[in-house]
1. Within the range A:183-198, take every residue that is more than 7 Å from every other protein chain (Cβ to nearest Cβ) and not β-branched (Val, Ile, Thr) and give me the one that is farthest from residue A:160 (Cα to Cα).
2. Can you pull out every residue in the range A:280-307 that is closer than 26 Å to residue B:419 by Cβ and open to solvent by less than 30 Å² (accessible area, probe 1.4 Å)?
3. Go through the range A:153-177 and report how many residues are within 12 Å of another protein chain (Cβ to nearest Cβ), outside any helix (DSSP H, G or I) and open to solvent by less than 40 Å² (accessible area, probe 1.4 Å).
4. Answer with yes or no whether residue A:244 is crowded, with 21+ Cβ neighbours inside 10 Å and not polar (S, T, N, Q).
5. Please list, ordered by first then second residue, the pairs with beta carbon atoms under 7 Å, 6 or more apart or interchain, first in the range A:399-415 and in contact (Cβ under 8 Å) with a residue 12 or more places away in the chain, second open to solvent by 80 Å² or more (accessible area, probe 1.4 Å).
6. Considering each residue of the range A:315-344, count those that are under 43 Å from the mean Cα position of the chain (by Cα) and among the acidic types (Asp, Glu), and give that number.
7. If we scan the range B:173-184, do we find a residue that is surrounded by fewer than 16 Cβ atoms within 10 Å (Cβ to Cβ) and either of a type in the set (Val, Ile, Thr) or over 30 Å from the mean Cα position of the chain (by Cα) (or both)?
Amino acid sequence: MAPSTSTAAQPGPSAALAPAQEQPKTLDELVQYLTTTTGSAATVNGTLKTFGTKETRDTLLASTLGSGQDPLEVLSPETNTLGYLYILAARLDVSGALPPQIQHVESFCKRFTPEHARLAPDRISALAKGIVKASGENIKHALDPLCSIVLRYPPKPTYLTSVHPIFLHACVTARHFAAALPVLSTPIVDIDTTISDLHYNDNLLYHYAGGVVFAVLKRWREAEEFFEIVVTSPAQTPAAIQFEALKKLTLVQLILYGKAIQPPKYTNNQLIRMIKNSPYNTLGKAYPQTAASLTAIVQKDVEAFRSDQNLGLVQQVIDRASRWLIKKLTLTYITLGLTDIGKEVGVEAEEVRVIVLNMIEIGDINASISIDGNVTFADSTPQFTKADVDAALARAQEQSKLLRDVERALNSSKDYLQKALKHKDDAWGMDEDMYSTPPSGAWAEESMYA
Amino acid sequence: MEMDIDEQQQTRRTGVMRVLPIDDNHPFDLDQYISNYTGRALVDRLTFLIPQCPTLAVQAAQVAAKHIRNMRDTSLYSHLSIAYEQAQTNASSDAPLPPFHEVVSIDQTWIEETNRKNADERTKLEVELKTYSSNMIKESIRMAHRDLAEFHRSVGDYQTALKHYAKLREFCTTSQHVLDMCIAVLELLIEQRNYTHIPTYVFKAEPALDASTNALRSSTHISASSAATPHAAATAAQASRDRLMSERQKTQTKLEVATGISHLGLASYEKAASAFVRVGSAASLGAWATKVIHPSDIAIYTTLCALATLQRSQIKSQIMENDTFVSSYLESEPYIRELVVNWLGGKFKAVLESLEKYSTRHALLPHLAPHLSSLMQLIRSRAVALYFRPFATVKLEKMAAAFGWTISQAECEVVRLIGEGDIKGRVDRLGKILRAQETDQRAELFARTMKAGQDMQSANRKLLLRLKLQQADLIVKAPKQSNQPQQGSQQPIQSAPSQSGIGGFAGKVPEIFTNILSMGSGD
């Protein structure tokens, strides 16, 4: 059987001409078909989809061959991607079926042909869920295979798939936060529902979990971005997770900027109203103050913070307050004694020295401490090298090109053209405006910052 | 509108007032103050003054009672007694005030007689209005309404007075009538301190003023051309034009004053200042000088608002070089003139001292009183900022001396102003020196540009994702059983406790995430 596999399932012009084969009825026939067929991947997928009856399909797929052999031994992950995938998913899903060996799962995840697998997105989701289920308590065993799927399945790493949230959830559950970083490092900008059966929750959960991962790793800037994506995701009625994300976003911003920032204009109004009436807003308004008075404020609503499971973050916010107070002092004073700082910030002079030293070290402030305990704040003017500027320019050009492409794609999309044609007579002025926009229009707004 | 009036009167009468100091350092001359006003304006000011100056309460109450006897509003008595009672509670314990009935003898027969007379008059006027209304004579109806409005105003029933003025409007036939009505309403509104409605009537009056001036002008042309000799015609025309202009000037001045008071009442001090400097000569105030606002009050309002908001050059050109303003208003209050001169000369210590000296006088001006402290704060801040502007470094010691403060007081003030962004500088706490900020414009620009670029890129990225989500219709929607969100969850990962208190939500939050972060601080 093995030699025939090398000729199977190569999509191409000749594949379309291959005669339709008889529908396989049993698993043996199916495996036989899979290993010998020359049909295109789409044909194979069709056959697999209609294999057996709806009720018996998974049970059949999950059984063993007549010879008692494991069908996964026979098939190859590269060439029989689809067949392998269907059987694997069924085996993991059907209760009582023989669980697949771990190396089968791993080898599939590392070797499958992405183009073929994309024909059966629902099976990929099922497989991912099955992997999590099968790993049971030892969820860290699931991370590797899931990571391979997430990295290999989408056509580009910028696409979101339904496996993304499953993988991140597994990472968080297993507390292997760093494992998620290779995936999180590429921001999601593409959504294609044809390659993955996405639900709005997938997007929310992925970014929420990403935000949690970054927050745990204290990478606040990224955490802010991820939480903001959750908060600003389009919604008719906001989801509970969006409100939770907004709460965390507020806390992360307090840590990152020392103040809460108004969410973007396109945020759902209901969310903004709700956060205004929450203890998070009270905390943000009062911030930064001395740790003692902040603790008093938090204590008033401690139950709310506790039930939101945010007490840990809140504590970090409070710990951070003295740094923001010191930073504020640098704007007003040139020299200050450590004791004076301590008085303003509400901590002991020795502790102030530690904090100030640390802040100087990480570059938060530009200052020096004299022997007698006086701190001199110097102006910190940011310096940019030519390389920095060039890099920024290159990024800007890249963005500009990206936006131009998006605009072109939009202008040539069917929906847009239909609409434009319909309104051609009564909205000439508007259309003219659109077409006459110079190609650099995307970055034209930049001039106002210059 | 009626609600507004009620509330304002409430706060005016029940508001807690502090006792103002009156001594050699804070001189206040009651006799001079009351000589400026007559009638209701005087009584109102006295009732405003009594609770704040218990030492003057007896004298003020007697003067007020004397004036009330000449008017027809019997309710003023009770207002007076309320104010007096407040003064009694505010009075220091070693010099208690005599009870009200000992100070003012209330003439019950006078009250009853006045009430009866008022009722008679009212019936008479109402009957008149009815007769005119049935006769449909516009002009008579207008006058009947006007009389009724004036009557109600004199007995202190402002709301009915306003109602009649409003009705009167549809019976106005000439723009002069409209103008008369607007001025009367403005008087009423200022008396009530109903600042929000003043601009409405000013706007209504302005076109009417233009129209009536034009009408008068064309009529004088006709009369002039019919005169016998060309020379006589010319003089007549000249005389009538002068009269016309002064008429117009009078109304215009009143409108400006009303606008200024309204802006002041609404705390837009800069607009108030520029309205006040436009008012005409004191002569054109006419009866308003004693009924509504005395020229010396205008001088105080204008100067304080101007010092708090205008640039030094503006103060110079609009106040000191404004001949009408100087001769009509500034001259009537010499210390105010001195104040402006000192301000322009940079003698801030003298300015602040003089402001403190006359603080009692200022706090007793009804329109100014609620804004006095914020105006003083603004003036002080501007003084410090102006003082520092020409220097690169200033010793706090010198600064304190220039303002008559202690060093720590000066430091407090400076630190506050830096925090508010009014002073661009930083304090050297050890050397007690204030240093001006030197900004590297080029580096600043670079930093700002880089930040703008980064912000825009990340905003673009997020918006593109949002666009894609919308295109794919991945929009959060309410669960189908919106009344039971807990059951309606469609989330793939479910381990959440029920989220009570957040109704109408789609989905729930997996608990695992929240748990993790709660532990986050332990890492």
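The values are calculated or read from the model by the stated rules, or taken from the named source; none is laboratory data. Values in this document were obtained by computation on a predicted structure and should not be read as measured data. Cβ: placed from backbone, ideal geometry, glycine included. Neighbour counts: every protein chain shown. Remember, those area values only see protein heavy atoms, side chains included, never the ligands or the DNA or RNA. Shrake-Rupley method; radii C 1.70, N 1.55, O 1.52, S 1.80 Å.
1. Out of the qualifying residues, it is A:185.
2. A:280, A:283, A:284, A:286, A:287, A:288, A:294, A:298
3. 3
4. Here the answer is yes, as residue A:244 does meet what is asked.
5. A:404/A:439
6. Adding up the residues that qualify gives 2.
7. yes
Per-residue answers, yes or no, for (1) open to solvent by 20 Å² or more (accessible area, probe 1.4 Å); (2) at pLDDT 85 or above; (3) more than 14 Å from chain B (Cβ to nearest Cβ):
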{"site": "A:309", "(1), (2), (3)": "yes, no, no"}
{"site": "A:323", "(1), (2), (3)": "yes, yes, yes"}
{"site": "A:344", "(1), (2), (3)": "yes, no, no"}
{"site": "A:356", "(1), (2), (3)": "no, yes, yes"}
{"site": "A:364", "(1), (2), (3)": "yes, no, yes"}
{"site": "A:377", "(1), (2), (3)": "no, no, no"}
